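The structure under discussion appears below in the form of structure tokens.
The values are calculated or read from the model by the stated rules, or taken from the named source; none is laboratory data. Keep in mind that what you see is a predicted model, and the values were worked out from it rather than measured. Using ideal geometry, Cβ is built from the backbone for each residue, glycine included, and neighbour counts are taken over all protein chains shown.
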Amino acid sequence: MTAGKALFVNSALAFASAQLIGAALHETGHGIAAQLLGFHPRIYAFFEDNPTGDARQTLTILAAGPLASLLLGILFWLWYRASKPRYSFPRLLLLWLAVGGVMTFVNYLIVTPWLAGGDTAQFADVLGWPTIARYGISAVGVAIMISLARPAARALFDVAPRAVDLGSTRARRRFILRAFYLPLIAGAFLTTVGAIGGPPLILIYEFLAAFGTIDIVGAAMYAGVTPPRGDDRAPDAPLRIEPAAILLYVVLVLVYVFAFSRGVPI
């Protein structure tokens, strides 16, 4: 197993695990808001039985999920940035949690005009926003995504192993492609395993939601960011397929299949 293949596998597993954790936290955000408003919701695999009340209650519950993802994503990002650049699986997982949390919020903005069942589209429906306003929200989301390209690129380079060549623009793009872009695609398929036992349509929605994070990775490839110098880095962890990566993914899938598929009360 070469170092490049090990990094691919670890990144795919880290992405899938981060998506499973992030989805549960997102739905918990909806559920906590509903609970505080006097409802008794349940969290399922990748969705929550959003109760509806008056307009204020419905808007609060709808907004709680994306806002929870955004807040937690920012906290994960700050945690990730608090330590020196180095490669390790925990940092790889933390990076995907950060990127996934922030981009869940941003991508909800982007798909407002098209994803009728999405939180932001339903939010717009309750408020009666016209089509042009929905496209305006989408444009704001695209602008935020573009503005995050450079911070995202720096974050990706911060977890690059020392042995990886980052000396040229082409080498840096190749690193992002092989360590994040392609593993994200594989990880999106791995994420959908958690939908086993739930409605078939949820599997499709979750794949699209997981795959949607690829926009920021693609933007980071062309951000023109210089990686950190060698003396700014801490020693790397050994680059191998991490048993912890496999174990974490399997445990999360089992929780989804045997608990969330039946519904977990908040």
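Name the residue, out of 19, 35, that is farther than 23 Å from residue 99 by Cβ, in contact (Cβ under 8 Å) with a residue 24 or more places away in the chain and either aromatic (Phe, Trp, Tyr) or in a helix (DSSP H, G or I) (or both).
Numbers: 19 fails: farther than 23 Å from residue 99 by Cβ.
None of the other options fit; the residue is 35.
Taking the stretch 46-59 as the search range and keeping residues that are within 23 Å of the chain's Cα centre (by Cα), assigned to a loop (DSSP other than H, G, I, E, B) and at pLDDT below 90, which one is nearest to residue 122 (Cα to Cα)?
Per the stated criteria, the residue is 50.
Is it the case that residue 124 is modelled with pLDDT of 95 or more, surrounded by fewer than 19 Cβ atoms within 10 Å (Cβ to Cβ), closer than 22 Å to residue 47 by Cα and in contact with a helix residue (DSSP H, G or I) (Cβ under 7 Å, 6 or more places away or on another chain)? Steps first, please.
Details: modelled with pLDDT of 95 or more: yes; surrounded by fewer than 19 Cβ atoms within 10 Å (Cβ to Cβ): no; closer than 22 Å to residue 47 by Cα: yes; in contact with a helix residue (DSSP H, G or I) (Cβ under 7 Å, 6 or more places away or on another chain): yes.
When the stated conditions are applied, residue 124 does not pass them.
Which is more than 15 Å from residue 9 (Cα to Cα) and crowded, with 17+ Cβ neighbours inside 10 Å, of 169, 192?
Every option except 192 fails the conditions.
Taking into account only those residues within the stretch 196-230 that are touching a Phe, Trp or Tyr at 6+ places or on another chain (Cβ under 6 Å) and aliphatic (A, V, I, L, M), which is nearest to residue 87 (Cα to Cα)?
If we take residues in the stretch 196-230 being touching a Phe, Trp or Tyr at 6+ places or on another chain (Cβ under 6 Å) and aliphatic (A, V, I, L, M), then 217 is nearest to residue 87 (Cα to Cα).
What about residue 200, is it exposed (fewer than 14 other Cβ atoms within 10 Å of the Cβ) and either in contact with a helix residue (DSSP H, G or I) (Cβ under 8 Å, 6 or more places away or on another chain) or not hydrophobic (A, V, I, L, M, F, W, C) (or both)?
Spelling it out, residue 200 is indeed exposed (fewer than 14 other Cβ atoms within 10 Å of the Cβ) and either in contact with a helix residue (DSSP H, G or I) (Cβ under 8 Å, 6 or more places away or on another chain) or not hydrophobic (A, V, I, L, M, F, W, C) (or both).
Would you confirm whether or not the stretch 138-150 contains a residue that is in contact (Cβ under 8 Å) with a residue 40 or more places away in the chain and either of a type outside the set (A, V, I, L, M, F, W, C) or over 30 Å from residue 81 (Cα atoms) (or both)?
yes
Taking only the stretch 219-266 into account, find how many residues are exposed (fewer than 14 other Cβ atoms within 10 Å of the Cβ), assigned to a loop (DSSP other than H, G, I, E, B) and either in contact with a Pro (Cβ under 8 Å, 6 or more places away or on another chain) or of a type in the set (Gly, Ala, Ser) (or both).
2
Say we look at the stretch 147-182 and pick out the residues that are under 13 Å from residue 228 (Cα atoms) and β-branched (Val, Ile, Thr); which of these is farthest from the chain's Cα centre (by Cα)?
164
Taking into account only those residues within the stretch 223-248 that are over 19 Å from residue 4 (Cα atoms) and among the acidic types (Asp, Glu), which is modelled with the lowest pLDDT?
Here the residue is 231.
Residues 62, 92, 72: which one is more than 13 Å from the chain's Cα centre (by Cα) and in a helix (DSSP H, G or I)?
On inspection, the qualifying residue turns out to be 62.
List every residue pair whose Cβ atoms lie under 9 Å apart, where the two residues are 6 or more positions apart in sequence or sit on different chains, the first residue falls within the stretch 45-58 and is touching a residue at least 24 places away in the same chain (Cβ under 8 Å) and within 19 Å of residue 204 (Cβ to Cβ), and the second residue, located anywhere, is among the polar types (S, T, N, Q) and assigned to a loop (DSSP other than H, G, I, E, B).
45/261
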